Amino acid sequence: MKEPLHIVWIVMDATRAKSCSFSNPGLGLETTPRLEELAREAVVYEQAVSSACWTMASHASMFTGTYPSRHGLVFDGDRLSDQFLTVAEVLQKEGYRTTAYSDNPYVSPFSGLHRGFSHFVDDIMDAVPVRAYRWLKQRRRKGDTGFSSDGQTRHVEAVDYSGYGPWMKRAIWEATRFFDKGASRVVREAGTEVELAHRAGDSAFVFMHFGETHAPYLPMGYFRDRFMPAGMRLKPWLVNQNAYRHFLGQCRMPPEDFELLTALYHASIAYLDDQIGRLVTFLRRRGLLDRSLLIVTSDHGENVGDHGMMGHQWSLADTLIHVPLLVRYPGGGSGGTRVGGQVQTMDLAPTLLSLIPGQRTQDELARLREEQFDADVRELPRDANAPATHPVAFSELLKPFGPDADHLRNSLKKYDRQLLTARTSEWKWQWASDGGESLYRLGTGGDEERDLLDQQAETAAALRGAAADRLAAVQAFIAEQKARLSGDSSLDVEEEVKERLRALGYIDG
């Protein structure tokens, strides 16, 4: 009987590479000590690039090996077309026990990204915090909609709920010191799922999308205390965590506010790192780690005051598309390797499937390479000296405003455009649908603030040429979807899903 190969795939929502100490040793903070330990027996990809700056589009790219302008999940309410096969569907056909945990509606039946998972859990908050908030629910004003039937919404809406006064916000802030957004439960269940599958002689594929690192940043007590800036006099429960309020100028946010938010963001990453460490320890003690492929990455990054922005919209800056990526191959092969060549998270699909020995999967992989994967998708290298699989990496932003944010177009006109970036390890060229074009040098400490398009015309021309085919695909998609992208459409989404998206800051109003 063949030895089961298990696959454990972890996505840390909204986590940028620069804030993870395992991928950015120069950070000066230990935000990911457990992943640093794991990196000694894994491969770290230092230049991993996401195809998009938000959850639904980037996950669809990772699951299908295609760019957003190809798979088409760029708009609230979009569902993955049946013409695309996901990694989970391939593994399910191979006989894998497929399980997914996600606290984000963009990775759920809402988007069709649940396909291939026999067991999909999208309500991952423990019952304890639900009970803790019952008293808050009783105090809400008549007509308030800050609480839905979903525990996740209860959690995140409450902390940023504008109707509450300072005392109530303080009470909620202190209450959230004692529980998370579901990570502790998911880690426990995921480990058990792998163990049960192994005992039965089956292979397990467990996918986990964690929202602990997504705004609002509500780290557990020890972690928030550990990262709080010394001498900080700001009251953290009063600092704005609503990106739209910041963009619209509805609140003043001096540098101290962003210093505090960054500390909370780093604390949230550290907490999730600790939970991932718990899962790794469980798998190791059960003798399952060496029998598993373990992936840790992010769907996109985050702006926490960077470029004057909050959240992860309207930009393809490196803070949003340069993401952490660690892969522990079965048996710890190539452990301790740091690959500096540029890769894309879309490469995970063929990489993962290439490790499955079943003939059915290998035949399917050959077909996907021929018919589905975008032409530049490659398997991830394991050699530190391997050439970059993506000398030029592309990212797309095709939805500047979702349907429920159309009312912001006039107030935020400068963001009403589609974007495409062509990135090397040193340069980034950006095209905008409003006619703009820019060029930035990366890694110089300038954080993409200085446009060098005129001074570096040759470099810009080379990247423009490299992006010609991708730009043509993006422009064709924009032309085809013009009515929807310009706001001439309505959002057909269940009210509860809208509330969850609103709670996560994806839609406004």
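Okay, here's what the table says:
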quantity	calculated
Wholly enclosed helices (runs of 4 or more DSSP H) of region 440-486 bearing at least 3 residues surrounded by 15 or more Cβ atoms within 10 Å (Cβ to Cβ)	457-466, 468-480
Conditions (1) in contact (Cβ under 8 Å) with a residue 24 or more places away in the chain; (2) over 24 Å from the mean Cα position of the chain (by Cα); (3) part of a helix (DSSP H, G or I): number failed by LEU234	(3)
Residue within region 319-332 that is under 23 Å from GLU36 (Cα atoms), polar (S, T, N, Q) and under 23 Å from the mean Cα position of the chain (by Cα) present	yes
Single residue of region 407-432 satisfying the filter (of a type in the set (A, V, I, L, M) and out of contact with any strand residue (DSSP E or B) (no Cβ under 7 Å at 6 or more places or on another chain)) that is nearest to VAL323 (Cα to Cα)	LEU412
Qualifying helices (runs of 4 or more DSSP H) (wholly inside region 13-72; at least 1 residues being among the hydroxyl-bearing types (Ser, Thr, Tyr) and under 21 Å from SER425 (Cα atoms))	55-64
From PHE205, PHE210, PHE247, residue being closer than 17 Å to SER19 by Cβ and under 24 Å from the mean Cα position of the chain (by Cα)	PHE210
The lone exception for LEU365 - which of (1) of a type outside the set (D, E, K, R); (2) in contact with an Asp or Glu (Cβ under 9 Å, 6 or more places away or on another chain); (3) part of a helix (DSSP H, G or I); (4) modelled with pLDDT of 95 or more it fails	(2)
Filtered residues of region 297-320 (kept if touching a residue at least 40 places away in the same chain (Cβ under 8 Å) and among the polar types (S, T, N, Q))	THR297, SER298, GLN313, SER315, THR319
Residue list for region 430-471, restricted to those being out of contact with any Lys or Arg (no Cβ under 9 Å at 6 or more places or on another chain) and either under 18 Å from LEU73 (Cα atoms) or among the acidic types (Asp, Glu) (or both)	ASP447, GLU449, ASP451, ASP454, GLU458, ASP469, ARG470
Any hit, region 260-271, residues being in a helix (DSSP H, G or I), modelled with pLDDT under 90 and at negative phi	no
Subset of region 66-83 [in contact with a Leu (Cβ under 7 Å, 6 or more places away or on another chain) and either touching a residue at least 60 places away in the same chain (Cβ under 8 Å) or surrounded by fewer than 22 Cβ atoms within 10 Å (Cβ to Cβ) (or both)]	PRO68, SER69, VAL74, ASP76, GLY77, LEU80
Candidate set from region 302-355 (those that are in a helix (DSSP H, G or I) and among the polar types (S, T, N, Q)); member that is surrounded by the most Cβ atoms within 10 Å (Cβ to Cβ)	THR345
Qualifying residue in region 293-308 (condition: farther than 30 Å from MET253 by Cβ and among the small types (Gly, Ala, Ser))	no
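The values are calculated or read from the model by the stated rules, or taken from the named source; none is laboratory data. Predicted, not measured: the structure shown is a model, and the values here were computed from it. Cβ atoms come from the backbone with ideal geometry, glycine included; neighbour counts cover every protein chain shown.
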